[in-house]
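Novice: Let me begin by handing over the structure; questions about it come next.
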Amino acid sequence: MKGSGKILILIAMISCAMVFYVHLQVASVLVSFDIHNSSRRLAEKEELLRRFQYKVDQLRAPRLLEEKMKRHDMGLALPNKVQVVEVPPVAEVVIPIAQHPKVVRTFSSEVSSFLGRWIQTAQAKTDLSS
């Protein structure tokens, strides 16, 4: 009877190990399936983005805009050099910011700061437990 108990425990351990291995393999297949689906959706969205960018570039083309203006008789034309007013660039204004004096910390202030933070952490932990 003593030997059969050890055998049953060994069989149970081997069975658990095999079930765990199968679980890992199934999880691995599911993750790879999710990765494949995500990469496929990403590729589709990248292709859609590429098409939309191409369409936007076409719509922004001056040739297309001029054709639309002529088709709808808007009477618009590009401005002459006389009609264009060029504004000279403005130099950047630099506003000096007052420098805060560097605070000199002593050993006693560092110790009291550390103890204060430590006490606050301890109080926060005791507040959470109650």
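The values are calculated or read from the model by the stated rules, or taken from the named source; none is laboratory data. Note that the coordinates shown come from a computational prediction; the quantities given were computed from them, not determined experimentally. Note that each Cβ is placed from the backbone with ideal geometry, even for glycine, and that neighbours are counted across all protein chains shown.
Novice: Which one of these does residue 51 not meet: (1) of a type in the set (Lys, Arg); (2) at pLDDT 90 or above; (3) more than 27 Å from the chain's Cα centre (by Cα)?
Specialist: It is condition (3) that residue 51 fails.
Novice: Let me ask something else. Can you spot a residue in segment 96-111 that is modelled with pLDDT of 70 or more, exposed (fewer than 10 other Cβ atoms within 10 Å of the Cβ), more than 37 Å from the chain's Cα centre (by Cα) and not in a helix (DSSP H, G or I)?
Specialist: yes
Novice: Sticking with this structure for a sec: Could you tell me whether segment 1-20 includes any residue that is assigned to a helix (DSSP H, G or I) and under 25 Å from the mean Cα position of the chain (by Cα)?
Specialist: No, every residue in segment 1-20 fails to be assigned to a helix (DSSP H, G or I) and under 25 Å from the mean Cα position of the chain (by Cα).
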